[in-house]
1. Could you give every pair whose Cβ atoms fall below 7 Å, whose first residue belongs to the range A:328-345 and is of a type outside the set (Lys, Arg), and whose second residue is within 6 Å of RNA strand B (Cβ to nearest atom) and not in a loop (DSSP other than H, G, I, E, B), counting only separations of at least 6 or pairs across chains?
2. Considering the range A:401-423 alone, what residues qualify as being more than 16 Å from RNA strand B (Cβ to nearest atom), outside any helix (DSSP H, G or I) and not charged (D, E, K, R)?
3. Being open to solvent by less than 60 Å² (accessible area, probe 1.4 Å), of a type in the set (Gly, Ala, Ser) and over 20 Å from A:Arg637 (Cβ atoms) is the filter here, so list the residues in the range A:551-578 that pass it.
4. Look at A:Ser329 and say whether it is within 13 Å of RNA strand B (Cβ to nearest atom) and surrounded by fewer than 16 Cβ atoms within 10 Å (Cβ to Cβ).
5. Assess whether A:Ala50 counts as being of a type in the set (A, V, I, L, M), out of contact with any strand residue (DSSP E or B) (no Cβ under 9 Å at 6 or more places or on another chain) and modelled with pLDDT of 90 or more.
6. Take the residues in the range A:37-57 that are in contact (Cβ under 8 Å) with a residue 40 or more places away in the chain and open to solvent by less than 40 Å² (accessible area, probe 1.4 Å); name whichever of them is farthest from A:Arg4 (Cα to Cα).
7. Right, A:Glu249: in the same structural domain as A:Leu349 (by TED's automatic domain parsing) and closer than 30 Å to A:His129 by Cα or not?
8. Tell me which of these A:Glu440 doesn't satisfy, since it passes every other one: (1) in a strand (DSSP E or B); (2) surrounded by fewer than 20 Cβ atoms within 10 Å (Cβ to Cβ).
Amino acid sequence: MLPRIREAIAAAVRAAAKERFGADVERVVLERPPRIALGDLACPIAFDLAKALKKAPRAIATELAPALQLPEGVRQARVEGAGYLNFFLERAPVVRALLAGSVSAAARPEKVIVEHTNINPNKAAHIGHLRNAVLGDVLVRSLRRLGYPVEVQNYLDDTGVQVADVVAGLVHLQGVRTVAAAAEVVRDRRLPGGPVYAKGFAYLCWDLYAEVGRTYAARPETKAWRDEVLQAIEAGDNETARIAALVVEAIVSAHLATMGRLGIAYDVLPRESDIIHKHFWAKAFAMLKEKGAIHLETEGKHAGCWVLRLSESEEFAGMEEPDKILVRSTGTVTYTGKDIAYQLWKFGLLDADFDYDRFRPAWDSGSVEAAEIPAEVRDHPLWRTAHAGGAADAPPFGRGDRVFNVIDVRQSYPQKVVREGLRALGYAGEAERSTHFSYEIVGLSAKAARELAERFGEEYRLSPEDEQKPFVEMSGRKGLGVKADDLVELLLERSRAEIAARRTTDAATGATEAERDARAIAIGALRYFLLKVGRNKVIAFDFDEALNFEGDTGPYLQYSLVRTDNIFRKLEEKGLPAAVAPDGLPEDGWDDDLWGIALDAASTPDVAERAVDTLELAALARHAFGLAQGFNTFYHRQPILQEPDPVVRNRRIAIARIFRMEMSRLLELLGIPEPGRM
RNA sequence: GCGCCCGUAGCUCAGUCCGGAUAGAGCGUUAGCCUCCGGAGCUAAAGGUCGCGCGUUCGAAUCGCGCCGGGCGCACCA
């Protein structure tokens with residue numbers, strides 16, 4: 001409804017400008033005035049025309065206004081401020097349209113691939129990984145809302161040094177040398193002779209990985225373990241490789257559970273080992289050589305390496321070392337090389353494909369129980385690339401028209417190289433449609449680190465220099481960071497306590513309901529916390545902020561929603577109509593409190609479109625917050641239950657209904673669950 | 001050296017794409033609001049050289065240039 005009116009207004013403005021001044025205006029901007037009393041849509045056209053016409057904006061607007069052919073649905077046009085042309089809409093038709101429900105976007109043909117999460121499968125996930133997954137997930141939800149078919153990929157680097165290090169720790173530090181022994185460690189969540197890790201195997205590996213890091217530092221000769229393990233993994237078909245596979249599988253399961261309880265699901269898990277086994281790189285290498293996109297250096301410090309020359313590209317201008325080595329002098333391919341091959345596959349440009357089989361995670365990870373995973377995540381079919389064979393009924397993966405790689409800003413350079421690789425192969429269009437969804441990291445504030453040190457031990461204590469910094473990077477190698485599941489646990493404790501303080505008498509069934517609501521609130525708070533900040537902003541993590549449930553938070557949104565249900569329930573209890581009486585909806589009486597909510601609700605599609613265009617998903621969170629604020633003001637000013645006049649009451653019910661529908665859809669977009677009660 | 005990001009109220013951030021109406025929130029502080037639709041809420045107060053300078057413009061938090069402060073990147077690591 002709103003987009004149509006906007007277009008009609010734009011056309012009317014264009015026509016009036018042509019008629020009055022003979023001016024051709026291509027772009028007509030329509031924005032929201034600062035206050036609703038000034039109008040519903042504001043057009044600053046007169047300011048643009050002022051220069052060419054050598055007249056004051058206000059005078060231009062005053063001349064333009066009477067020349068406007070007001071389209072249907074527009075009540076009035078008025079000159080405001082220094083020369084704004086402000087439009088006032090007919091309120092009742094917009095309200096009626098909103099009550100009828102939103103129409104889902106038309107299906108679009110372009111398949112979109114979103115890659116996110118991509119956590120090294122060697123330790124528990126931390127809160128930086130959560131930012132990635134939540135941003136990726138909301139991008140996916142938004143794209144689907146806009147009508148795109150979306151495939152979600154979570155890439156597993158199962159052959160990298162990080163996995164090798166943990167395996168080296170198991171084998172060399174812990175004497176876990178057989179698959180059977182490793183399976184026991186995974187099952188019992190304890191190392192031989194060590195304590196049980198109630199939070200699960202991924203937590204055990206967190207500590208083990210840090211221990212390996214310390215060992216490498218203390219005894220540099222032990223670094224040979226890494227190469228030994230890497231070679232064994234690459235060779236395959238040996239005990240070490242099988243231990244590595246077991247470790248990866250267990251930790252991936254834990255990651256999926258961590259994300260699963262936040263409502264995040266994936267379609268396919270491509271594995272680096274399969275990129276190797278299926279010789280993706282060999283195919284990509286042949287393509288690159290054939291097109292002359294890469295060069296074998298014969299002299300200089302890169303002698304013997306295959307290099308992608310970036311010196312000609314202006315994006316890389318001025319860099320000390322603008323060329324990127326894809327094949328080392330030893331003949332092995334770099335990560336970026338493999339990434340180019342993977343990106344080619346995503347677009348269906350590689351003459352190769354994976355095999356696939358179903359992957360069923362063990363949802364019980366220790367920190368997460370299967371019962372916490374929402375059904376839509378648990379039942380979502382999840383596939384994984386297979387080393388051989390694979391299922392015959394696997395859906396077709398890859399062959400996307402557009403690709404988003406969600407990965408933090410530190411990866412900007414390699415991501416640019418990947419795009420440049422596509423371009424060098426002649427795939428300029430695909431390079432254009434490859435988007436690096438970049439975002440800033442989650443760091444640790446000095447205060448948060450101090451709290452960690454108090455809570456979990458002195459190994460979290462920062463050095464005096466680090467204490468002075470605005471934040472420190474989390475480091476898996478050092479074991480420094482806030483684990484995702486620990487944060488969720490703290491949030492759960494908070495929300496359980498809040499609920500316990502609010503609910504007096506609860507029957508036996510109330511307990512499970514209370515727990516479900518506590519989870520909804522904890523997850524809502526977490527997701528909103530990560531979403532509300534612009535993506536280019538470093539989050540210097542602070543426990544108090546993350547654990548806050550008041551003000552600009554997820555629970556504020558949830559609370560506003562729960563309030564509407566309370567009203568509808570009470571209306572029914574009192575025997576009053578809780579639904580909107582359609583023929584009782586008056587044409588007038590839609591005051592600014594009511595209308596502001598309707599207008600906000602109607603603008604959600606615009607916000608969503610813009611959020612995806614700019615990848616600034618925080619815009620969705622802010623929009624939801626503004627809508628909730630409007631509702632809360634209305635709630636306090638315009639009571640529904642005690643309102644004796646049925647017409648007035650009906651109007652208010654209509655607004656509450658609209659708010660409920662729209663906020664519900666927004667929360668779904670943001671992946672924030674709806675609690676039953678609060 | 002080159003490139004990218006950040007700098008707005010005590011703190012955390014919107015607003016910058018596309019210049020325009022008294023620069024907005026939340027937290028914190030202070031003062032109020034439960035004969036109520038459940039205070040995870042609402043009302044209000046106090047709080048701002050929009051990092052600095054120059055420029056463009058009728059008009060700059062927003063655009064350009066130059067600085068300053070902070071972060072990140074520029075691997076035969078992943």
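The values are calculated or read from the model by the stated rules, or taken from the named source; none is laboratory data. This structure is a prediction, so every number in the text was calculated from the model and none was measured. Quick reminder, even Gly has a Cβ in these numbers, built from the backbone with ideal geometry, and neighbours come from all protein chains shown. All accessible areas refer to the heavy atoms of the entire protein, side chains included, with ligands and DNA or RNA removed. Shrake-Rupley method; radii C 1.70, N 1.55, O 1.52, S 1.80 Å.
1. Qualifying pairs under 7 Å: A:Thr334/A:Ile325; A:Thr336/A:Pro414; A:Asp339/A:Pro414.
2. Selection gives A:Val403, A:Phe404.
3. If the condition is that a residue be open to solvent by less than 60 Å² (accessible area, probe 1.4 Å), of a type in the set (Gly, Ala, Ser) and over 20 Å from A:Arg637 (Cβ atoms), then A:Gly554, A:Ala578 are the ones that fit.
4. yes
5. No: the conditions fail for A:Ala50.
6. Checked the range A:37-57; the qualifying residue farthest from A:Arg4 (Cα to Cα) is A:Leu38.
7. No; evaluated as a whole, the condition is false for this residue.
8. With (1) in a strand (DSSP E or B); (2) surrounded by fewer than 20 Cβ atoms within 10 Å (Cβ to Cβ) applied to A:Glu440, the lone miss is (1).
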